[in-house]
Amino acid sequence: MRIRVLPRFIVLSFVCVVAFQPTYTYSQATAEPIPVEEILSARTFADYTPITVSPDGEWVSYTLQDNRRKESSGDARYRVFSRTGVNFFGKGGDIWITNTKSGLSKNVTSGQGSNWSPAWSPDGRYIAFYSDRGGHANVWIWEKATGKLWQVSKAVVRALGNPIQWTPDSRQVIVKLLPEDMTLDEAASLLVANQEQSSSERKTIGSTVVIYSASKAASQSNSVKPETTSSQTPPWSFKRYLADLAMIDIDSGRVKRVVQRSLITRYWLSPDGSSVAYTTPKKFEAAGLQQILFDLTIYSFSEGQSHVVAPNIQLDYDGSSVSWSPDGKLLSYRTAGQLAKGDVFVVSAMGTERRNLTTVPHPDFAGYGFQPPLWDAAGQNVYFIGDNALWKTSLADGKISEIARISDQRIELIISEGENRLWLMDKNKSMIVRVFNEETKQDGFYKVSLENVQSTVLLNKGKLNSYPPVYGQIVSNDGQRMVYLSQDTQHGLDLWLADADFRNPKRLTQINPQLERYRMGAARLIEWISVDGQRLKGALLLPAGYQEGKRYPLIIKVYSNVGYYLSSNELNNFGFARAPVDNLQILATRGYAVLLPDSPVQVGSPMTDLLKTVMPGVNKAVEMGIADPDRLGLMGHSNGGYSTLALLVQTKQFKAAMVSAGYGDTLALYGQLGKDGANYGLGFVESLLMGGTPWEHRERYIENSPIYYLDRVQTPLLIVHGGEDNSVSPYQAGEVFVGLRRLGKEVTYAKYEGEEHWQGNWGYANQVDYLNRTIKWFDKHLKNDQELKSVVESNGLTR
């Protein structure tokens, strides 16, 4: 008899099925603007949470978030985890399942609490998931045969991008838990804890003094200790990863904490379930940089202890690029991060041997930090992506060879068999890969022969999207089908099902049917030449119902391109966005064209580079007869806010602008100190913008800070900032506002108290106000009376 920790079941009947209609109704769409509340009510697939297919291939499970149920924390302690222990990837989430044959879908968790990260048991009987429906974030089980739900244990989970993992016998799950004897409030306080004070510096009872200290040694070593706050000042704190790693028996609810009070970013159960590997961030490699060094550690259940198999390795910030060999005897990983070259290593699970498989001269393999090396079925070869090509390295002889390079396509590997194996076909003679065309911005799938290096197009249209990409697709256990996410500019993400030949992909879901009644703006990819002769691209969103030859007000959404990001890559995202609050169809359905220009900037000269790259793109839209040169608007968020200010102090072409969470003072961002003593801005400004410290390049910091040139601004400006923004201090918004007010410029500052950096994590009411305020601002400055009258009438309003 199965023993339940909580005896009261929640029973869901299979009769109560919510069916998503798998057809578009775009031909019936109307020309009215999308109400702000309508776009903000759209469901979204949760980032960093897996899509999973049942072992028999009949059901797919996933997490849908309801934006209206996301509550702002209002407290810096609860930004990463809510007061009940839910991380931001799970807020407002529900577990849904869809039948791959009928397309019928149902909400398993029925909107009670926040629920996320479903995982099918190997025997297909259960889905395990995280939920706070019982008051705190715990592990819950849904039973397929009966539809019953129950809480497995009262242990509070500490899940941050970590899917639940089942043991092969379907009897236990491995999860990260809140450290034993620690409350959620205590854990929350750790995330904003002040620097540790020495015994000689204890503050007087009743005093409100906060002590931060540093030494010469501290400035040279940014190590972080899990058991204490640190006297160092790293770019950000690792304390969000503090947790216990535990096995929970789903029958009895018994919890066995196998690793305690450790900083754990990611973990992977071995194929046979005998051990678990995990990554632990140790320190930042050098001051002013964001390269993290990790320990790769294995815990053996039979031995009952952990041992480090690879110390101080360079990985990306979440330490995710690790995979087990099929026999569980080896681990592979690839170095990643700001200083890494993307080399591929294998290490013995016993820790007795570590080999670099890419020692021979090779191109730069960096830039794929989220994607681990993957194994073939026999465990004899490791495959990985580098330099936009597919590579193979042999464990037997150490040879490294390029397997496939597809012209103009960026390749990504598709994972089968958990997180370790490739999707191999034709008796392991070929594989299927995901591709992204840098020229057309289209995503798709190719088949690559492992014998003759030939590639075949299977599907090359639409936009597949999830973050990171590994969560956007799942291969069935038999390797014959795949479920994947797809969208385009005018339609949001939905699940699709395809056989291995991709001849007849079938849409499985329609998660936002209410949006199909609106006529959306179409997209164009445009090109121009920068002032310095560089060929650049931009994603141009046309107004809904666009008429050739008619000029429209154009809003440029700018974000200077640092690192690998290109704004034009958003071309096939629904509304050029990754969240409802950023969906630019809200502007397109109100008669605006919107341009996202690529704007690569060089270290040391971001301000002038912005002018050289963005303005020729704006002129291109004017030359095409689309943009009205007398009605140009400008907007940007975060680094895009800086980009907006940088342009406003160099040109008078814009008639209205909006800066969101932006900064105008690079030196202030460089010296911004968080409540936990961290200073994220230092590494960003020093390494990516200025190329050194203010003491080395004083003039660069001044010359590239718009705050010193506000007297040149002629454009009415709306400033939007969250009052609890810890990425860019609200001080920066106040500084720009005070300066413009002192100069007698037209400026409005909307400060949203209790809210953080990105509007996607704001409370619903503030999101509604933010979008309405932005629309009203641009309408006031960019539209004529007739256009305003048309918008008002189409919304059934009176002026």
By accessible area with a 1.4 Å probe, ligands and nucleic acids excluded, highest first: order of MET350, MET635
MET350, MET635
Ranked from the most accessible area to the least, with a 1.4 Å probe and all protein chains present, what is the order of VAL156, VAL276?
VAL156, VAL276
Kirkwood Rh, Cα atoms: Rg over Rh of region 599-662
0.97
To the nearest 10 square angstrom, how much accessible area does ARG83 have with a 1.4 angstrom probe?
130
Dipole-positive endmost among LEU289, GLY74, GLY744 within the chain (Cβ charges, Cα centre):
GLY74
Rolling a 1.4 angstrom probe over the protein chains, ignoring ligands and nucleic acids, what is the accessible area of PHE502 in square angstrom, nearest 10?
10
Charge-dipole axis of the chain as Lys and Arg at +1 and Asp and Glu at -1 on Cβ define it, positive-most pick from LEU610, LEU178, VAL562:
LEU178
What 222 nm value per residue comes from the helices of the chain, counting each DSSP H run with n ≥ 4 as -39,500 (n - 2.57) and dividing by all residues, nearest 500 deg cm²/dmol?
-4000 deg cm²/dmol
Please compute the Kirkwood hydrodynamic radius of region 354-441 from all pairs of different C-alpha atoms, in Å with one decimal.
13.6
Can you pull the accessible area of ASP630 for me, 1.4 Å probe, Å² to the nearest 10?
110
Accessible area per residue, 1.4 Å probe, Å², for the chain: what's the number?
39
Cα centre as origin, Lys/Arg/Asp/Glu Cβ charges: the chain dipole, Debye:
1000
GLU787, GLU516, ranked by accessible area, largest first (probe 1.4 Å):
GLU787, GLU516
What is the diffusion coefficient of region 440-535 in µm²/s, taking the Kirkwood radius over Cα pairs and the Stokes-Einstein relation at 20 °C with a viscosity of 1.002 mPa s?
135
Provide Rg and Dmax in Å for region 259-324, with only Cα atoms included in the calculation.
12.4, 42
How many nm is it between the label spots at VAL360 and SER401, if each spot is 7 Å from the Cα in line with the beta carbon?
0.9
So how long is each side of region 545-693 along the principal axes, counting just the alpha-carbon atoms, biggest first, in Å?
53, 31, 26
Output needed for region 627-688: three equivalent-ellipsoid semi-axes, defined as square roots of 5 times the C-alpha gyration tensor eigenvalues, in descending order, whole Å.
29, 11, 8
If one computes P(r) from the Cα atoms of region 34-150, what percent of pairs lie at distances over 24 Å?
26
Placing unit charges on C-beta atoms (Lys and Arg positive, Asp and Glu negative, everything else neutral), compute the dipole magnitude of region 317-392 about its Cα centre in debye, rounded to 20.
120
Hull volume per residue for region 580-620, using the convex hull of the C-alpha atoms, in Å³ is 91
Select from region 608-682 those trypsin sites (Lys or Arg not before Pro) which occupy a DSSP coil region and have at most 11 other Cβ atoms within 10 Å, ordered by residue number.
LYS652
Ranking request for peptides 288-296, 756-764, 527-535: highest mean number of other beta-carbon atoms within 10 Å first, then the rest in descending order.
288-296, 756-764, 527-535
How many lysine pairs are close in region 384-486, with Cα atoms under 26 Å apart and the two 8 or more places apart or on different chains?
13
Chymotrypsin sites (Phe, Trp or Tyr not before Pro) in region 234-266 lying in a DSSP loop, each with at most 11 other Cβ atoms within 10 Å of its Cβ, come to none
Under a point-charge model restricted to the Cβ atoms of Lys and Arg (+1) and Asp and Glu (-1), what is the dipole moment magnitude of region 114-196 relative to its Cα centre, in debye to the nearest 20?
480
May I have the extent of the alpha carbons of the chain along their three principal axes, as whole Å values ordered from largest to smallest?
72, 71, 60
Toward the positive end of the charge dipole of the chain, about the Cα centre and with charges on Cβ (Lys, Arg +1; Asp, Glu -1), which of THR146, ALA498, GLY671 goes farthest?
THR146
Can you tell me the order of 357-365, 621-629 when each peptide is scored by its average per-residue count of other Cβ atoms within 10 angstrom, highest first?
621-629, 357-365
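The values are calculated or read from the model by the stated rules, or taken from the named source; none is laboratory data. These numbers were taken from a predicted model, which means no experiment stands behind them. Reconstructed Cβ throughout: ideal geometry from the backbone, glycine too, with neighbour counts over all protein chains shown. Only protein heavy atoms, including side chains, enter the accessible area calculation; ligands, DNA and RNA are left aside. Shrake-Rupley method; radii C 1.70, N 1.55, O 1.52, S 1.80 Å.
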